[in-house]
Structures are given as C-alpha cells and as structure tokens.
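Below is one structure, written out as structure tokens; comments come after it.
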Amino acid sequence: MTVVIDRATGKRRGDRGPRPGPLQRLKHGYQKFWYAYAMIAPVVVVLGALVLYPLVRGIYLTFTDANSLNSARQIGVNHIDATYKFIGLDNYADILWGPTSYDRFWSHFIWTIAWTALCVLLHYAIGLGLALLLNQKLRGRTFYRLILVLPWAVPTFVTVFGWRFMLADSGIINSALDALHLPSPLWLEETFWQRTSAIMVNTWCGVPFMMVSLLGGLQSIDSTLYEASEMDGANAWQRFRHVTLPGLRPVSSTVVLLGVIWTFNQFAVIFLLFGDTAPDAQILVTWAYYLGFGQQPRDYAQSAAYGVLLLSILIVFTSVYRRWLARNEQQLAN
C-alpha cells in the first residue's frame, strides 16, 4: 500500500483534520445559512410566544396549587402577588387515582375514547363511500362535490348553532318525528341523546375533509390496476379489497391520524352545542376548560394538568400508531 505524504504539512493525504468545536460549527453555519436563519426567525419568535411559552408555563403550573384566588391579579390600582405554592405531582395523583378520579377524569376519558373512535369510524366510512361515488363518471359531479364540501367550508360555530336549533325540543327534527308519530328524543337534555347528537354534529362537520382527501387518493390509483383485475375475473368487492384499499393506504393512514388528533381535541362542537349544561357529555378538553374557566374558584393547576395528560396521550398514541404502520408496511414489502 502506498501512502502519499504532503511535504508542506507532513500529513498524509486523505487524513481528516481535527473536528471543529461546536462554536466554530455554529459560526460556520451562520455564515453559510444566515439568510435562511433570517427568514425563519419571525416564525420562531411567534411560535415561541404562542406555543412554547404557554406550554412551559402550563407544565410549571401543574406542579402548583394555582387557582383564581392565589394567583397574581390586578384589582383597580392594587396589585396582588401570587401566593400559590409548589406541590409536586399531587395534581396528577388526584386526577388519576384520587377519591373523585372516576367522576372527574376516567368517566370523561372513557367517553372521549368512545367519541373519538365512533366519530373517526363514521368520518372514514361515510367519506370513503361518498368519495367512491364522486369518483364515478356522473352527470353533475362537480355540483355534487361542491354541495358535499359546504359543511366543511361553513364556519364551525354556524354549523353547530344551526344543529342546536334543529335539535331543540320544538326544532325541525322533533317536529318531523312528531308528524311521523315517532318518539321525540330530548337531544340536548338526556345524556344518551346528548352524546348521540354530539356524534351526529361532529360527523356532519368532519366527513367533507375525509371525503376530499380520499377522493384525491382514489384519483391517484393507476387505472391499469383495475383493468388488470377485471381481466383476471375479479368482481367489484375483490377490486375494492385488493386494489382500492391498498392504493388508499398512504392517504388513509395520514387522514385517520389527523382525524383522531382533531376529534380527540374537538372543543368547538361540544362547547357550542352544550356549554356547561351537559357534564356527562363533556370530553377531556372541554372538561379541562370547565375546570380552568367555567367554575369558581378557577382551578388553573388542575386544568393545566389535564392539558399535559391530553398531550401525553396523543404523543403515545401517535408513536404507537406510526410504529404499527411501519411494521405493517415492512411485512407487506417482505
């Protein structure tokens, strides 16, 4: 083996020099990418002010007994200093296994899981059915797409208030049921019907997004796959099972994950539909809001602890879900 030595430096050619330190690498990166740093700096500042600081502040409050009585506040010209103290993990212990943990957390947790699963299942099933219909060559297909997207385009508060009027005791839905001599449920008063109406309204709001996303996925599937399956004698169900569903897998995995995150944290539908009048229909995020802003004294610490628990649950679910998808993809590739 021949080793070439540089006479000027006495070093072998190909040898790596000493690795620069972190300050030198930072200085070199700034000199090379200063323009990119300047472009993203406003975004970093805004995210830090609107996301990072509230998150860090909320996590800190979970370790205290902060409420509206012992927090710093301004009354007229008088400033009252905060008197809350550090209590460690007591808030989490009280929420998860305290004497009222089932009524305050676990009952809402179970309902939130059921609410999320049912809503996402209905979103996907109805959205896929509508996407399959709109993917066909129909007369007036553009008009149908426009009509079906309207529930997504209308602001959520307008949609929810419209449903609230229709679900009232003297609303159009109960009036139609009375005309058909059918029982009229108390949609906004009884727990079972409150939960049913919440699922109905959220399904109405969420189906258009799922439909549009899946329709885009259907249009990206190669049509020659359907032609080949027809030549092989596959019927409609077999083409759907072995061509359509596998072709939609990348889109489906993403929209289902987004649907779970959005539905799990769906504050607007529950709050605008019931406010504080339906304690058994409250999901975790609306219950956390009630603890922090809907009662006296306002329990900031417990509300923040609920927020941290919600974030932790979604992080765990997302990690498990992505690993499950990666494992399935690997098995299919093999």
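The values are calculated or read from the model by the stated rules, or taken from the named source; none is laboratory data. Model, not experiment: these values are computed from the prediction. Every residue, glycine as well, gets a Cβ built from its backbone with ideal geometry; the counts of neighbours run over all protein chains shown. The accessibility values were calculated without ligands, DNA or RNA, using every heavy atom of the protein model including side chains. Shrake-Rupley method; radii C 1.70, N 1.55, O 1.52, S 1.80 Å.
Helical content of the chain, expressed as a calculated mean residue ellipticity at 222 nm, amounts to -21500 deg cm²/dmol (DSSP H runs of 4 or more residues, -39,500 (n - 2.57) each, divided by residue number, nearest 500).
For the stretch 67-141, the fraction of alpha-carbon pairs lying more than 14 Å apart is 78 percent, rounded to a whole number. The mean sequence distance of close C-alpha pairs (under 8 Å, at least 6 residues apart), as a share of the length of the stretch 256-334, puts its relative contact order at 23 percent. Using a 1.4 Å probe on the protein heavy atoms only, what accessible surface does T156 show? Give it in Å² to the nearest 10. Ignoring ligands and nucleic acids, T156 comes out at about 60 Å². Across every direction, the projection of the convex hull enclosing the Cα atoms of the stretch 20-169 has a mean area of 21.0 nm². Computed on the Cα trace of the chain, the radius of gyration divided by the Kirkwood hydrodynamic radius gives Rg/Rh = 1.11. Across the stretch 199-240, the convex hull enclosing all Cα atoms gives 65 Å³ per residue. Ordering G21, N67, C205 by Cα displacement along the dipole of the chain toward the positive end leaves G21 in first place; charges were set at the Cβ atoms of Lys, Arg (+1) and Asp, Glu (-1).
Report the gain in length on full extension from F33 to T277: 0.36 nm times residue separation, minus Cα-Cα distance, nm rounded to one decimal.
On the way: separation 244, 0.36 × 244 = 87.84 nm, distance 5.47 nm.
Roughly 82.4 nm would be gained on extension.
Heavy-atom accessible area, probed at 1.4 angstrom with all protein chains present, ranks V207, V149 as V149, V207, highest first.
How big is the charge dipole of the chain about its Cα centre, in debye rounded to the nearest 20, if each Lys and Arg gets +1 on its Cβ and each Asp and Glu gets -1 on its Cβ? Please list the in-between numbers first.
Working: 26 positive and 19 negative charges, 442 e Å.
Here the chain has a charge dipole of around 2120 debye.
For K85, a cut-off of 14 angstrom between C-alpha atoms picks up these aspartates and glutamates, skipping any fewer than 8 places away in its own chain: D65, D299.
Each Lys or Arg adds one and each Asp or Glu takes one away; over the other residues whose Cβ falls under 14 Å from the Cβ of M211, this sums to +2.
Across the options Q295, I313, L257, the greatest Cα extent toward the positive end of the charge dipole of the stretch 210-334 (unit charges at beta carbon of Lys, Arg, Asp, Glu) belongs to I313.
The stretch 247-300 has equivalent-ellipsoid semi-axes of 31, 11, 7 Å, by the square roots of 5 times the alpha carbon gyration tensor eigenvalues, sorted largest first.
Taken along the Cα-to-beta-carbon direction at a fixed 7 Å, the label points for K137 and E190 span 5.0 nm.
Just the ratio, please: alpha-carbon radius of gyration of the stretch 146-253 over 2.2 N^0.38 Å, N its number of residues.
Values: Rg = 20.1 Å, N = 108, 2.2 N^0.38 = 13.0 Å.
This ratio for the stretch 146-253 stands at 1.54.
Before I look further, what does the chain give for accessible area per residue, probe 1.4 Å, in whole square angstrom? The partial results should precede the final answer.
Numbers: 21560 Å² over 334 residues.
Dividing the accessible area of the chain by its residue count gives 65 Å².
Counting only protein heavy atoms and using a 1.4 Å probe, the accessible area of H79 comes to about 110 Å².
For the chain, complete DSSP H runs whose alpha carbons reach 15 Å or more along their own long axis and whose mean Kyte-Doolittle score is 1.0 or higher are 107-134, 156-167, 245-264. Heavy-atom surface analysis with a 1.4 Å probe gives the chain a carbon and sulfur content of 65 percent of its accessible area. When only Cα pairs below 8 angstrom with a gap of at least 6 residues are kept, the chain shows a relative contact order of 22 percent.
Put simply, the amide H of T64, placed in the peptide plane, has neighbours under 5 Å in I87, leaving out anything fewer than 5 places away on its chain. For the stretch 195-334, the alpha-carbon coordinates run over 70, 32, 20 Å along the three principal axes, in decreasing order.
With kT/(6 pi eta Rh) evaluated at 20 °C and eta = 1.002 mPa s, and Rh the Kirkwood radius from Cα pairs, the stretch 100-196 diffuses with a coefficient of 129 µm²/s according to Stokes-Einstein. Comparing L177, L218, L130 along the charge dipole axis of the chain, the residue lying farthest to the positive side is L218, per the Cβ-charge model. Between F86 and W324, the simple label model (points 7 Å from Cα in the Cβ direction) yields a spacing of 3.9 nm.
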